[in-house]
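The values are calculated or read from the model by the stated rules, or taken from the named source; none is laboratory data. Just so we're clear, the structure is a prediction, and the values are computed from it rather than from any experiment. So basically every Cβ, Gly included, is an ideal-geometry build from the backbone, and we count neighbours across all protein chains shown.
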There are 2 protein chains.
Amino acid sequence: MLKLYSYFRSSASYRVRIALALKGLPYDYEPIHLLKDGGQQLKPDYRAVNADGVVPALMVDQQPLIQSLAIIEYLDETHPQPPLLPGNPLERAIVRGLAQEIACEIHPLNNLRVLKYLKHQLGVADEAKDAWYRHWIEQGFASLEVNLERIGRVGTFAYGDAPTLIDLCLVPQVFNAQRFKVDMSRYPVISRINDACLALDAFRDAAPGAQPDSE
Amino acid sequence: MLKLYSYFRSSASYRVRIALALKGLPYDYEPIHLLKDGGQQLKPDYRAVNADGVVPALMVDQQPLIQSLAIIEYLDETHPQPPLLPGNPLERAIVRGLAQEIACEIHPLNNLRVLKYLKHQLGVADEAKDAWYRHWIEQGFASLEVNLERIGRVGTFAYGDAPTLIDLCLVPQVFNAQRFKVDMSRYPVISRINDACLALDAFRDAAPGAQPDSE
């Protein structure tokens, strides 16, 4: 049985939950509360799973897998239906590239530990911290809109008419954007894709509000 | 012919250069100066390649590929020798996870545009900015050391006795660490891997100092 270490509001965990749901894979849900007790992800119990102290991690046969994109590719390789990446190398590179535009250029800057550093080490006020949060989303979404249009494969979803790795990264990032009051009307393509995804049970079941540790 | 949009000191470009060198693939080198003219990566010419305005990008048959990890996986799929990922899904996930620990948790926080934001938008002084830079490397390297040891596959390189995706991310990150005077003696495993890599022509030929736009 797979075991997912997850926090309901973690968007990297959210990505993996969508993949598990799309694949129809059952799993044990192990909540790791990122705020309680100074952060359960920083305690020895969880550091023994991932020394880096970030969620998610997926336990597979006693082997912890870390990093959401690596986990999702593992799930896709071991449970190919429905596929989350196209069949040929060039298209796979395009899909991975757009997914990483979110996962490597937007999301890391808005991680909890980064926000903590801004506040505690650099003395950044809450208002400027929220502006920082929105800035990386707005800059990233603006260029993602252009890249999506240019590649010209937007269909019902970000790349064609079935969800791919891009959608798995996009939906949790939009969730964060909405939470921080980003004006999503500026990103009509992303918004339309997000709506299409959330019409699917797998995306809704994976959402923060549907998790056992939701608050 | 492949064309690589690169900046000599960009560590994401450096990763892709190592992959190209290991595979023995010739390519045209298109320098994008990140500082000159306010940043050539932000000009319309390059935005037409990658709207996100970051390097590297690899032009393949008129199709720009973006994001270093996606590009490297493309090269590995289309030119399988020598392989940069193990043959089975679980091991591939482990290697991708450790590579992403660098590419998604350390590197994005030290990108030029982030450092610019800290300085210009948040008024962070140079000393505190350098401390930020070192902080993410030190935190990331400390946990990477633990994760590498725990997985127990460190050989001559990070995962066995041939270079993998992990090494391609590790060496450029160590280059950055040294530039910012991180005390690398605290990371003996990473240091040993770095030395082993730099004994190979492919890694040396891909280094910032060996590029046509090197300063």
Quiz item: Can you tell me which of B:Glu127, B:Glu101, B:Glu105, B:Glu77 is of a type in the set (D, E, K, R) and assigned by TED's automatic domain parsing to the domain that holds B:Ala12?
Solution: B:Glu77
Exercise. Go through region A:125-160 residue by residue and tally those that are in contact with a Gly (Cβ under 8 Å, 6 or more places away or on another chain) and under 19 Å from A:Arg204 (Cβ atoms).
Key: 0
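Considering B:Leu118, B:Leu109, B:Leu25, which residue is over 25 Å from A:Ile71 (Cβ atoms) and within 19 Å of the chain's Cα centre (by Cα)? Let's see the steps before the verdict.
On the way: B:Leu118 fails: within 19 Å of the chain's Cα centre (by Cα); B:Leu109 fails: over 25 Å from A:Ile71 (Cβ atoms).
Exactly one of B:Leu118, B:Leu109, B:Leu25 is over 25 Å from A:Ile71 (Cβ atoms) and within 19 Å of the chain's Cα centre (by Cα), namely B:Leu25.
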Exercise. Quick one: B:Asp167 ticks every box in (1) within 26 Å of A:Leu118 (Cα to Cα); (2) part of a helix (DSSP H, G or I) except a single one, so which number is it?
Key: (1)
Practice problem: Determine, yes or no, whether A:Ile18 is of a type in the set (Val, Ile, Thr) and closer than 18 Å to A:Ala206 by Cα. | Solution: yes
Practice problem: Scan region A:13-35 and report the pairs whose first residue is among the small types (Gly, Ala, Ser) and whose second residue is assigned to a loop (DSSP other than H, G, I, E, B), with Cβ atoms within less than 8 Å and a gap of 6+ or a chain change. | Solution: A:Ser13/A:Tyr7; A:Ser13/A:Val55; A:Ser13/A:Pro56; A:Ala19/A:Leu84; A:Ala21/A:Ala206
Exercise. Please specify each residue of region A:150-169 satisfying the condition of being closer than 18 Å to A:Gln100 by Cβ and surrounded by fewer than 14 Cβ atoms within 10 Å (Cβ to Cβ).
Key: A:Arg150
Quiz item: Does B:Glu127 satisfy the condition of being over 15 Å from the mean Cα position of the chain (by Cα), more than 11 Å from chain A (Cβ to nearest Cβ), surrounded by fewer than 21 Cβ atoms within 10 Å (Cβ to Cβ) and free of Cβ contacts under 8 Å to residues at least 40 places away in the same chain?
Solution: yes
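Would it be correct to say that B:Leu20 is more than 12 Å from every other protein chain (Cβ to nearest Cβ), in contact with a Leu (Cβ under 9 Å, 6 or more places away or on another chain), part of a loop (DSSP other than H, G, I, E, B) and crowded, with 21+ Cβ neighbours inside 10 Å? Outline the logic, then answer.
Details: more than 12 Å from every other protein chain (Cβ to nearest Cβ): yes; in contact with a Leu (Cβ under 9 Å, 6 or more places away or on another chain): yes; part of a loop (DSSP other than H, G, I, E, B): no; crowded, with 21+ Cβ neighbours inside 10 Å: yes.
Spelling it out, it is not the case that B:Leu20 is more than 12 Å from every other protein chain (Cβ to nearest Cβ), in contact with a Leu (Cβ under 9 Å, 6 or more places away or on another chain), part of a loop (DSSP other than H, G, I, E, B) and crowded, with 21+ Cβ neighbours inside 10 Å.
For (1) surrounded by 17 or more Cβ atoms within 10 Å (Cβ to Cβ); (2) not in a helix (DSSP H, G or I), each residue gets a yes or a no:
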position: A:Val171; (1), (2): yes, no
position: A:Phe175; (1), (2): yes, no
position: A:Arg192; (1), (2): no, no
position: A:Arg204; (1), (2): no, no
position: A:Gly209; (1), (2): no, no
position: A:Ser214; (1), (2): no, yes
Self-check item: Contacts under 8 angstrom Cβ, first residue in region B:136-159 being farther than 19 Å from A:Lys116 by Cα and not assigned by TED's automatic domain parsing to the domain that holds B:Cys197, partner crowded, with 17+ Cβ neighbours inside 10 Å and acidic (Asp, Glu), 6 or more apart
Solution: none
Quiz item: Restricted to region B:51-85, and to residues that are part of a loop (DSSP other than H, G, I, E, B), facing chain A (nearest Cβ under 9 Å) and under 19 Å from the mean Cα position of the chain (by Cα), which residue is nearest to B:Ala202 (Cα to Cα)?
Solution: B:Gln67
Exercise. Read through the list (1) under 30 Å from B:His79 (Cβ atoms); (2) within 12 Å of another protein chain (Cβ to nearest Cβ); (3) surrounded by fewer than 23 Cβ atoms within 10 Å (Cβ to Cβ); (4) not hydrophobic (A, V, I, L, M, F, W, C), then give the number of the only condition that A:Asn111 fails.
Key: (1)
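Quick check on my filter: what residues within region A:105-156 are part of a loop (DSSP other than H, G, I, E, B) and at pLDDT 95 or above? Steps first, please.
Within region A:105-156, the subset part of a loop (DSSP other than H, G, I, E, B) is A:106, A:111, A:121-125, A:152-153, A:155-156.
If the condition is that a residue be part of a loop (DSSP other than H, G, I, E, B) and at pLDDT 95 or above, then A:Ile106, A:Gln121, A:Leu122, A:Gly123, A:Val124, A:Ala125, A:Gly152, A:Arg153, A:Gly155, A:Thr156 are the ones that fit.
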Self-check item: In region A:86-108, residue farthest from the other protein chains (Cβ to nearest Cβ) [restricted to those that are closer than 19 Å to B:Leu112 by Cβ and of a type outside the set (A, V, I, L, M, F, W, C)]
Solution: A:His107
Quiz item: So B:Gln41 clears everything in (1) at the interface with another protein chain (Cβ under 9 Å from one of its Cβ atoms); (2) assigned to a helix (DSSP H, G or I); (3) surrounded by 18 or more Cβ atoms within 10 Å (Cβ to Cβ); (4) not β-branched (Val, Ile, Thr) except one condition, right? Which one?
Solution: (1)
Quiz item: Any chance region A:49-56 includes a residue that's polar (S, T, N, Q) and not assigned by TED's automatic domain parsing to the domain that holds A:Ile166?
Solution: yes
Self-check item: Breaking point among (1) facing chain A (nearest Cβ under 9 Å); (2) surrounded by fewer than 16 Cβ atoms within 10 Å (Cβ to Cβ); (3) under 12 Å from B:Val95 (Cα atoms), for B:Ala142
Solution: (3)
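From B:His135, B:His120, which residue is facing another protein chain (nearest Cβ under 9 Å) and either at negative phi or not polar (S, T, N, Q) (or both)? Break it down into steps so the answer makes sense when it comes.
On the way: B:His120 fails: facing another protein chain (nearest Cβ under 9 Å).
The unique qualifying residue is B:His135.
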